[in-house]
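The values are calculated or read from the model by the stated rules, or taken from the named source; none is laboratory data. A quick note: this is a predicted structure, and the numbers were derived from the prediction, not measured. All Cβ positions, glycine included, derive from the backbone under ideal geometry; neighbour counts span all protein chains shown. To get the accessible areas, we keep the full protein, side chains included, count just its heavy atoms, and leave off ligands, DNA and RNA. Shrake-Rupley method; radii C 1.70, N 1.55, O 1.52, S 1.80 Å.
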Amino acid sequence: MSFLDLFLGIMSAIGGNVDMGQLVFTIEGGAQFGFMLLWVVVIASIGIILFAEMSGRVAVVTKKPAFALIRDEVPRPLGLAVLIASIFVNLLTCTANIGGAAVVLQLLFGGDHRLMMVVGAALLLATIGFLELEPIERIFGLMGLGLVVYLFAAPGMAPDWSRVASGFVPQLPASPDMPGTAVYGYYVVGLFSAILMPYEVHFYSSGAVEQGWTPKQLASNFSNAVIGFALGGVLTVALIVTGAMAFYGRGVDPHLLGTAALPVALALGVKGLLFVLVGMLFAVGGAAAETALANGYSVAQFLGRTWGKNRKPRDAPVFHAGWIGLIVASLAIALTGVPPVEVVEYSVIFAVVVLPFTYWPILRVARDRSKMGEHANGLVVDTLAWIFLTLIGLAAVAAIPLMLITHNGQG
Amino acid sequence: MRSRAREIAAWIVGALVALAVLAWLYDRAAAMPEPLQVDELSRVVRQLASDAREAERLATALTRSQLTRNFAEHQHRQLEEDVSEARGKLAAPGPGGDEALVEQARGLADRLRANLAAARLHASDHAAIARIGAEQASIAAALERMPITPL
């Protein structure tokens, strides 16, 4: 693998790292709690680095992506329940991202909302249908880099860096300007889940198998996961700082997608606004593409059918029906007019419940020396992974009660 | 053979659960309007105040030529829809003894919505936008001052 390939892989990972869920929970979280959620980004980023690297390593060594592990490592009825739940979460996530893409298209070009949804979904179908996997990742990932404009907007708003630094220490809200502890808990769980969304490891591990990675590429797998997701975490930090500086204590609850772009316009003007909107379009479009493909991978792998983006539909009918069906069904739901920001909140919260069942089989195989040989987890990775699996379990238990108690974080 | 039967049974259970959820959602959606609870009124008023504050910031950005026409048009339209939805919730009777408060919120919501529509029409007129922005700020302040019991 050349330096250019490595560089493009890392850049794509950064640009493809942020989706609707992260945009919503970071900007809203910053508006509600200032810098107090920054520590969650650090913890969740370490978690996604650990499990993405592990899922890639397992896929390379055993040639089994995430859902093939669920099929083989989890009892069949539970595995089936995980599959159904994953399809449901994929549907919500894809619906939110198609709806979000339509909103961004309108912010850029005007036009009718439903027409933009159809245009967005048609472009998505054509892009996935006609391009191979690597160009799809590159296009969405590199164009999604437009979001790095937040890295310039956030410092431009002159935050108090000592207060930013204090946000990296876990603490409970004490200021009378802030909502209560339950709402804070909702945002902690939501942000944690938004960064660890299960479709990311389904897509990542399936891509590793499909692109024919060998053990020689384990170093690239490591660098892509560590550098890509760590820099993606830096971008997520910039989103929270931007949300905090623009909205915290100013009475604005940024519940529209366009509102997330407004601070950039106020800080950098029209050029910054256009840059961030293009970044948003490809970030949410890329997330819709990844979710759709992850759905095709999940269904085909669980049912033991042939799968692969680079295979023709007649050779892998279940896989292709899986991603096409998800886009069509998501479009149908989005056309009913459900607000994408509300849908993404549900998708992120329901995803937490599926997370332990997605990550547990990966950990189980990654630490098994009989399957992984010399590439099995070392002591440090294994310990960290257990700690994260415990945190994920706690988040899964707390997610839905917090959503109900706080009326989706509204208090 | 038995595992196949189990798989079919699981699909049926899954479908039944999905149907039950849909029935519950339908029941919720079709429910008749009830008087507003204080916490619901508080949420609606906070949302309206947030929309007014955002409208004020949009006006600031417009007067500094920091927004594109499509962005300003669409964002104002979305805020209008948001305010209309909140206004719909305020159509329900107020919580006991607070009818005057709800009536005040209705009036502010109507002014906010009219201003948002005007801002869409006069987006390129900086003087008009500055005037509208100032009025949105005063509406936001009035909404924030409303004496609703905190949650």
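Taken over the stretch B:41-72, the criterion of being within 12 Å of the chain's Cα centre (by Cα) and within 11 Å of another protein chain (Cβ to nearest Cβ) is satisfied by B:R43, B:V44, B:R46, B:Q47, B:L48, B:A49, B:S50, B:D51, B:A52. Mind checking which residues of the stretch A:209-219 are on the phi < 0 side of the Ramachandran plot and either free of Cβ contacts under 8 Å to residues at least 40 places away in the same chain or buried (at least 24 other Cβ atoms within 10 Å of the Cβ) (or both)? Hits for the stretch A:209-219 are A:K216, A:A219.
Count of the stretch B:1-22 residues, restricted to those that are at pLDDT 85 or above, open to solvent by 100 Å² or more (accessible area, probe 1.4 Å) and within 11 Å of chain A (Cβ to nearest Cβ), is 1. Against the test of being within 14 Å of chain B (Cβ to nearest Cβ), at pLDDT below 95 and surrounded by 24 or more Cβ atoms within 10 Å (Cβ to Cβ), the options A:G269, A:G258 yield a single qualifying residue, A:G258.
Would you point out the residue of the stretch A:87-144, among those that are within 12 Å of chain B (Cβ to nearest Cβ) and under 14 Å from A:W323 (Cα atoms), that is most open to solvent (accessible area, probe 1.4 Å)? Top of the filtered list is A:F88. Looking only at residues of the stretch A:165-183 that are in contact with a helix residue (DSSP H, G or I) (Cβ under 6 Å, 6 or more places away or on another chain) and either in a helix (DSSP H, G or I) or open to solvent by less than 10 Å² (accessible area, probe 1.4 Å) (or both), we find that the one that is farthest from A:A265 (Cα to Cα) is A:A182.
When the stretch A:395-411 is filtered for residues that are surrounded by 14 or more Cβ atoms within 10 Å (Cβ to Cβ) and of a type outside the set (V, I, T), the ones remaining, listed by number, are A:A395, A:A396, A:A398, A:A399, A:L402, A:M403, A:H407, A:N408, A:G409, A:Q410, A:G411.
Yes or no, residue by residue, for (1) of a type outside the set (D, E, K, R); (2) within 14 Å of chain B (Cβ to nearest Cβ); (3) crowded, with 21+ Cβ neighbours inside 10 Å; (4) touching a residue at least 12 places away in the same chain (Cβ under 8 Å):
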| site | (1), (2), (3), (4) |
| --- | --- |
| A:G207 | yes, no, yes, yes |
| A:N221 | yes, no, yes, yes |
| A:L231 | yes, no, no, yes |
| A:T242 | yes, yes, yes, yes |
| A:G249 | yes, yes, no, yes |
| A:P254 | yes, yes, yes, yes |
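Considering only the stretch B:89-109, how many residues are out of contact with any helix residue (DSSP H, G or I) (no Cβ under 6 Å at 6 or more places or on another chain), open to solvent by less than 60 Å² (accessible area, probe 1.4 Å) and not in a loop (DSSP other than H, G, I, E, B)? Result for the stretch B:89-109: 4. State yes or no: is A:T306 open to solvent by less than 10 Å² (accessible area, probe 1.4 Å) and either under 24 Å from A:V353 (Cβ atoms) or not hydrophobic (A, V, I, L, M, F, W, C) (or both)? So A:T306 fails the test. Taking the stretch A:202-225 as the range and being charged (D, E, K, R) and farther than 25 Å from A:W323 by Cα as the test, only A:K216 passes.
With respect to being exposed (fewer than 12 other Cβ atoms within 10 Å of the Cβ) and of a type outside the set (K, R), B:L25 fits the description.
Scanning the stretch A:393-405 for residues that are touching a Pro at 6+ places or on another chain (Cβ under 8 Å) and either of a type in the set (D, E, K, R) or in contact (Cβ under 8 Å) with a residue 40 or more places away in the chain (or both) yields a total of 1. Every listed requirement among (1) more than 24 Å from A:L218 (Cα to Cα); (2) modelled with pLDDT of 95 or more; (3) among the aromatic types (F, W, Y) is met by A:F357 save one, (2).
Pick from A:M1, A:M36: which is touching a Gly at 6+ places or on another chain (Cβ under 9 Å), modelled with pLDDT of 85 or more and open to solvent by 10 Å² or more (accessible area, probe 1.4 Å)?
When all the criteria are applied, what remains is A:M36.
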